[in-house]
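**Q** Dropping a structure here in structure tokens format, bear with me for questions.
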Amino acid sequence: MKYKMLHTCLRVMDLEKSLKFYTEALGLKETKRKDFPENEFTLVFLSDETGSYEIELTYNYNPEKPYVIGNGFSHIAVSVADLEGSRERHQEMGYKVTELMGLQGTPPRFYFVTDPDGYEIEVIRAE
């Protein structure tokens with residue numbers, strides 16, 4: 001049997017803030033949107049230029065409190081050619097970013113940036 005990865009769903013508190021992060025900070029494009037007013041939620045799908053995988057932002061109308069991400073979820077990963085430039089850009093945009101890091105004995109090749117809901121995105125130097 002062959003499986004294809006389709007999407008990862010993230011529940012968000014403020015759809016506009018999250019859309020701004022994923023479109024401006026990571027360069028993703030909205031591919032489709034589905035509103036379900038009778039069930040009080042909206043789904044927005046975003047992808048990169050390849051379109052082979054999507055992030056699904058789920059916005060439940062009028063959430064009462066922030067979602068608990070939990071200790072099982074770790075992060076989503078993306079790659080970029082200009083790692084240092086990307087990190088600087090994310091800092092200038094006001095997002096929380098870590099220092100450049102590498103595994104023990106290796107040069108720095110990644111950092112993490114945090115989205116408006118606290119989800120971490122690992123940004124890795126493209127090879």
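The values are calculated or read from the model by the stated rules, or taken from the named source; none is laboratory data. The structure displayed is predicted, hence computed values, not measured ones. Counting neighbours? That spans all protein chains shown, and the Cβs are built from the backbone with ideal geometry, glycine included. Note: accessible area is taken over every heavy atom of the protein model, side chains too, but ligands, DNA and RNA are not part of it. Shrake-Rupley method; radii C 1.70, N 1.55, O 1.52, S 1.80 Å.
**Q** Looking at region 1-72, what % of its DSSP beta bridges pair antiparallel, to the nearest 5? Walk me through the numbers before you get to the answer.
**A** Details: 14 of 20 bridges.
Taking every DSSP beta bridge within region 1-72, about 70 percent pair in antiparallel fashion.
**Q** Ok, one more. Which of Phe21, Phe45, Phe73 moves the most in a Gaussian network model of the chain with Cα springs under 10 Å?
**A** Comparing Phe21, Phe45, Phe73 in a Gaussian network model of the chain, the most mobile one is Phe73.
**Q** I would also like to ask the following. For region 3-73, what relative contact order do you get, as a whole percent, if you take Cα pairs closer than 8 Å and at least 6 residues apart?
**A** Once normalised by length, the contact order is 36 percent.
**Q** Taking R0 as 25 Å, what FRET efficiency do you get between Glu122 and Lys34 from their Cβ-Cβ distance, rounded to the nearest 0.05?
**A** E(calc), rounded to 0.05, equals 0.35.
**Q** Considering only DSSP beta bridges whose two residues both sit in the chain, what percent are antiparallel, to the nearest 5?
**A** For the chain, the DSSP antiparallel bridge percentage is about 65.
**Q** Next question, about the same structure. Mind checking the full-extension length gain between Tyr3 and Val68? Use 0.36 nm per residue of separation minus the Cα-Cα distance, one decimal, nm. Before the final figure, lay out each step's value.
**A** Working: separation 65, 0.36 × 65 = 23.40 nm, distance 2.91 nm.
Result: 20.5 nm gained on full extension.
**Q** Kindly provide the helix-only [θ] at 222 nm of the chain, computed as the sum of -39,500 (n - 2.57) over DSSP H runs of four or more divided by all residues, to the nearest 500 deg cm²/dmol?
**A** -3500 deg cm²/dmol
**Q** Can you give the Rg to Rh ratio of the chain, both from alpha-carbon atoms, with Rh computed by the Kirkwood formula?
**A** Numbers: Rg = 15.6 Å, Rh = 15.8 Å.
Rg/Rh for the chain comes to 0.99.
**Q** I've got another one for you. Could you please state how large a percent of the accessible area of the chain is carbon and sulfur, counting protein chains only and using a 1.4 Å probe?
**A** For the chain, the apolar C and S fraction of the accessible surface comes to 51 percent.
**Q** Do you know the relative contact order of the chain, to the nearest whole percent, from alpha carbon pairs under 8 angstrom that are 6+ apart?
**A** It comes to 23 percent, rounded to a whole number.
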